[in-house]
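To keep things clear, I will list the structure first and then write my remarks on it.
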Amino acid sequence: MTGPLLVLVGPMGVGKSTVGHLLAEHLGTGYRDTDDDIVTAEGRTIAEIFVDEGEEAFRALEKRAVRTALTEHDGVLALGGGAVLDADTRALLAGQRVVYLSMDVEEAVRRTGLGVARPLLAVNPRKQWRELMEARRHLYEEVAAAVVPTDGRTPEEVTQEVLNAL
Ligand code: S3P
């Protein structure tokens, strides 16, 4: 087992899941998402985990989920938007083919709306987006071998760009 063919990172709402499914189809491989793994294992939604136990507990679950998926999965793997906050996770990603799907803040607010299902954006989406991206942009760039901007592009166009970047 050599790990995933491709790992997608980037902020929530950027289209990791949509593009990830399309990429998996194109590459004739499977798709896996660490958020889905956590929800399945816990039997609760991500929002419920945040409310019940807080962000720190969620990050611990996420760290474990990423480590497991990196060893078990050989297709396309999408990570939750905050997975790169963890230094050990970033170290694990150093040996992987990682693509950062990026978008600007206005596009982010448009796509995520009021962020009801996304606990980190529930209060003031535009301000919270700016702060999130300031804290994370350099981490996405640090782990990524390629950056593919998604602004104004369809999922099919983004998929093609990712394939070109490989
Ligand atoms: C988060 C992103 C979400 C999910 C959780 C926290 C983040 O994943 O893991 O709500 O910190 O950016 P997606 O990027 O798949 O939406």
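The values are calculated or read from the model by the stated rules, or taken from the named source; none is laboratory data. All values derive from a computational prediction rather than experimental measurement. Please note: Cβ atoms are built from the backbone with ideal geometry, for glycine as well, and neighbour counts cover all protein chains shown.
Checking each residue in the range 56-93 for being of a type in the set (D, E, K, R) and touching a residue at least 60 places away in the same chain (Cβ under 8 Å) picks out E72, D74. What residue, of R32, R44, is farther than 23 Å from E161 by Cα and of a type in the set (K, R)? The conditions single out R44. Looking across the range 112-133, the residues that are within 10 Å of the ligand (Cβ to nearest atom) and at pLDDT below 80 come down to T112, G115, A117, R118, P119, L120, L121.
Contact map, the range 27-53: first residue at negative phi and within 10 Å of the ligand (Cβ to nearest atom), second residue assigned to a loop (DSSP other than H, G, I, E, B) and of a type in the set (D, E, K, R), Cβ cut-off under 9 Å, separation 6 or more or different chains; pairs are I38/R44; I46/R118; A47/R118.
Residue pairs whose Cβ atoms lie under 7 Å apart, sitting 6 or more positions apart in sequence or on different chains, and linking a residue in the range 139-166 that is surrounded by 15 or more Cβ atoms within 10 Å (Cβ to Cβ) to a partner that is polar (S, T, N, Q) and assigned to a helix (DSSP H, G or I), are P155/T18.
Do you know which residues across the range 71-81 are touching a helix residue (DSSP H, G or I) at 6+ places or on another chain (Cβ under 8 Å) and crowded, with 20+ Cβ neighbours inside 10 Å? Within the range 71-81, V76, L77, A78, L79, G80, G81 meet the criteria.
State whether one or more residues within the range 136-149 are of a type in the set (K, R) and at pLDDT 85 or above.
Yes, the range 136-149 has at least one match.
Against the condition of a type outside the set (S, T, Y) and within 14 Å of the ligand (Cβ to nearest atom), how does L93 come out, does it pass? Criteria not met by L93.
Answer yes or no as to whether L8 is within 12 Å of the ligand (Cβ to nearest atom), free of Cβ contacts under 8 Å to residues at least 24 places away in the same chain and crowded, with 16+ Cβ neighbours inside 10 Å. Answer is no for this residue.
Any chance the range 34-54 includes a residue that's part of a strand (DSSP E or B) and either β-branched (V, I, T) or touching a strand residue (DSSP E or B) at 6+ places or on another chain (Cβ under 7 Å) (or both)? The answer is no; no qualifying residue exists. Can you pull out the residues in the range 140-150 that are under 15 Å from K16 (Cβ atoms) and either outside any strand (DSSP E or B) or in contact with a Phe, Trp or Tyr (Cβ under 8 Å, 6 or more places away or on another chain) (or both)? Across the range 140-150, the qualifying residues are Y140, V143, A144, A146, V147, V148, T150. I'd like to check something: does the range 83-104 contain any residue that is over 28 Å from G3 (Cβ atoms), crowded, with 16+ Cβ neighbours inside 10 Å and at pLDDT below 95? No, the range 83-104 contains no residue that is over 28 Å from G3 (Cβ atoms), crowded, with 16+ Cβ neighbours inside 10 Å and at pLDDT below 95. A single entry from G13, G20 fulfils the requirement of being crowded, with 21+ Cβ neighbours inside 10 Å and outside any loop (DSSP other than H, G, I, E, B): G20.
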